[in-house]
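The values are calculated or read from the model by the stated rules, or taken from the named source; none is laboratory data. Here the structure is a predicted model, which means the values were calculated and not measured. Cβ placement follows ideal geometry from the backbone for every residue including glycine, while neighbour counts extend to all protein chains displayed. Calculation scope for accessible area: heavy atoms of the full protein, side chains included, ligands and nucleic acids excluded. Shrake-Rupley method; radii C 1.70, N 1.55, O 1.52, S 1.80 Å.
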Amino acid sequence: MRIAVLGTGVMGAPIARHLAAAGHEVRAWNRTRGKAEGLGAEVAASPAEAVTGAEVVLTILTDGPAVDETMQRALPAMAAGTIWGQLSTVGVSWADRLAAQAAERGVLFVDAPVMGSQPAAEQGAILPLASGPEEVRDRITEVFETFSRGVLWLGGGQLGSRLKLVANHWIFVAVDNAAECIAFAEALGVQPQHFLETIAGAPFDMQYAHWKGEMILKREFPPAFALTLARKDAGLMLAAAAEAAFELPLLATTAQRFDEAIGLGHGDEDLAAVYYASSRLDGSEARPGAGSEG
């Protein structure tokens with residue numbers, strides 16, 4: 001299948017690589033050309049060049065404005081009936097706006113933000129939350145399964161972007177909670193790893209807590225999901241909730257704590273660095289295994 005990938009950053013690069021390795025004819029574009037090279041795909045000089053003749057176009061960019069800017073250049077070069085799989089996390093308002101732009105051109109829009117961070121993308125194990133026209137379901141599923149652990153098909157409309165916000169709410173508040181628990185343990189003189197040992201294997205255990213908790217214990221935060229991007233998504237979630245006249249007090253607090261950690265200089269680190277919003281440390285010193293339990 002002829003596929004264009006617009007955006008070959010942290011998530012888009014492994015997606016393009018998996019598609020090319022599976023034998024698809026892939027053309028890739030990225031604002032920084034070097035990031036589109038070495039993926040097994042033909043490198044395009046512009047979004048319009050990338051999508052010309054493509055059967056499927058995938059966008060995996062930072063946010064709604066970035067997708068909009070790119071597609072303003074790409075949509076005029078896309079034939080009616082082309083499938084546009086929108087994989088970025090853009091929120092409710094932008095998903096609806098982009099779908100309307102696609103409809104004006106006769107392009108078939110599939111709203112499919114993906115669950116999973118960079119390690120999952122590299123392993124081909126992300127999960128598209130897909131919604132769109134039923135007639136394209138089989139074709140786009142074939143494409144998505146090349147780089148995912150499956151596809152969750154939700155029906156018509158832009159339900160994917162809505163579910164992505166719900167799922168990210170769960171993740172963000174859970175990470176903030178785990179970080180606060182570790183900082184609380186340290187404040188009480190408890191070895192924080194004993195907290196993780198306490199929840200291990202229990203009904204209230206969570207694998208994510210151990211992954212992010214290990215980062216916190218080591219004071220090492222390689223960005224699987226950068227804190228600044230998490231804060232962007234939190235803003236989308238709060239905006240969608242406000243539009244629906246629904247309150248998210250837990251998320252509002254987490255967003256504030258994201259801001260505090262970013263203000264301490266941890267924006268480019270993994271979102272587990274929200275720990276510094278609770279800790280008595282600011283990141284300038286390290287105390288792995290802190291605490292004096294016993």
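Structural descriptor for region 161-294: relative contact order 39 percent, calculated from alpha carbon pairs under 8 angstrom and at least 6 residues apart. Legend: calculated FRET efficiency, Glu243 to Gln72, from the Cβ-Cβ distance at R0 = 25 Å, rounded to 0.05, equals 0.55. Computed from the C-beta positions of Arg33 and Gln101 and an R0 of 22 Å, the FRET efficiency is 0.30 to the nearest 0.05. Taking a straight Cα-Cα cut-off under 23 Å and skipping sequence neighbours fewer than 8 places away in the same chain, the lysines within cross-link reach of Lys164 are Lys212, Lys232.
Taking a ≥ b ≥ c as the square roots of the eigenvalues of the Cα gyration tensor, region 1-91 is rounded, since a/c falls below 1.5. When the Cα positions of Phe258, Asn177, Val57 are compared along the charge dipole of the chain, Val57 comes out farthest toward the positive end, with charges on each C-beta of Lys, Arg, Asp and Glu. Among 222-229, 88-95, 160-167, sorting by the average number of other beta carbon atoms lying within 10 angstrom of each residue, highest first, gives 88-95, 160-167, 222-229. Entry comment: accessible area of region 25-98 is 39 Å² per residue, from protein heavy atoms only and a probe of 1.4 Å. Taking square-rooted eigenvalues a ≥ b ≥ c of the alpha carbon gyration tensor, is region 61-144 rounded, prolate or oblate, where a/c under 1.5 means rounded and, failing that, a/b exceeding b/c means prolate? Oblate, since a/c reaches 1.5 and b/c is not below a/b. Shape verdict for the chain, please, from the Cα gyration tensor: rounded (a/c under 1.5), prolate (a/b greater than b/c) or oblate. Cα axes put the chain in the prolate bin. Rolling a 1.4 Å probe over the protein heavy atoms of the chain, with every protein chain left in place, gives an accessible area that is 53 percent carbon and sulfur. Taken along the Cα-to-beta-carbon direction at a fixed 7 Å, the label points for Leu188 and Asp268 span 3.7 nm. Under the convention that each Lys and Arg Cβ holds +1 and each Asp and Glu Cβ holds -1, the size of the dipole of the chain around its Cα centre is about 460 debye. A helix-only calculation puts the chain at -14000 deg cm²/dmol for mean residue ellipticity at 222 nm, using -39500 (n - 2.57) for each DSSP H run of at least four residues, averaged over all residues.
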